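S.K.: First the structure, then my questions, so here it is.
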Amino acid sequence: MHVEDAEIRDVLTHIQNDLFDLGGDLRRPEREHRKAEPLRVSEGQVTWIEERIDSFNGALAPLDSFVLPGGSHAAAHLHLARTVVRRAERDMTEIAYQEPVNPAALRYVNRLSDLLFVLARHLNERGQADVLWQPGLHR
């Protein structure tokens with residue numbers, strides 16, 4: 001995916017690094033006791049995501065319908081990434097019923113999927129080129 005917007009590129013690079021932190025966090029269960037402090041997703045990482053959501057969302061056209069995945073090529077990729085993150089969130093939630101999972105890690109993936117949605121809309125001409133659901137269009 002080629003992203004023209006340098007700010008979004010920087011955000012995606014930041015997220016990629018955080019996702020490795022998330023993998024490390026999930027690799028080391030909460031119940032595991034070791035001498036070295038395990039890598040954990042922090043509330044600061046969740047806050048960073050929320051701040052990006054607020055920043056990008058403020059410039060978007062208001063929604064009056066559901067957004068279908070699509071629009072620009074880059075936005076479509078972000079919509080796809082969002083579905084993958086939602087699936088990971090469901091899997092992490094299921095795991096959390098069986099063993100302890102860092103609550104910040106769960107919040108991180110929840111907020112990440114929202115950020116990816118907002119970034120996709122941003123790349124779709126700040127929401128102006130979103131593909132909107134049209135109820136009953138093909139009846």
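The values are calculated or read from the model by the stated rules, or taken from the named source; none is laboratory data. Note that the coordinates shown come from a computational prediction; the quantities given were computed from them, not determined experimentally. Virtual Cβ from ideal backbone geometry, glycine too; neighbours counted across all protein chains shown. To get the accessible areas, we keep the full protein, side chains included, count just its heavy atoms, and leave off ligands, DNA and RNA. Shrake-Rupley method; radii C 1.70, N 1.55, O 1.52, S 1.80 Å.
S.K.: Any idea of the accessible area per residue across the chain, 1.4 Å probe, to the nearest Å²?
M.R.: 63 Å²
S.K.: Using Cα atoms only, what is the angle between the long axis of helix 73-96 and the major principal axis of the chain, expressed in degrees (0 to 90) to the nearest 10?
M.R.: 30 degrees
S.K.: If I compute solvent accessible area with a 1.4 Å probe over the protein chains, what percent of it on the chain is carbon and sulfur?
M.R.: Carbon with sulfur: 53 percent of the solvent-accessible area.
S.K.: What full-extension length gain, to one decimal in nm, is calculated for Q98 and A6 as 0.36 nm per residue of separation minus the Cα-Cα distance?
M.R.: Roughly 29.0 nm would be gained on extension.
S.K.: Roughly what would the spin-label model give for S65 and L137, points 7 Å off Cα along C-beta, in nm?
M.R.: Each label point is offset 7 Å from its Cα along the Cβ direction, giving 0.6 nm.
S.K.: Tell me, what does the Kirkwood hydrodynamic radius of segment 46-139 come to in angstroms if you use every pair of distinct C-alpha atoms?
M.R.: 14.3 Å
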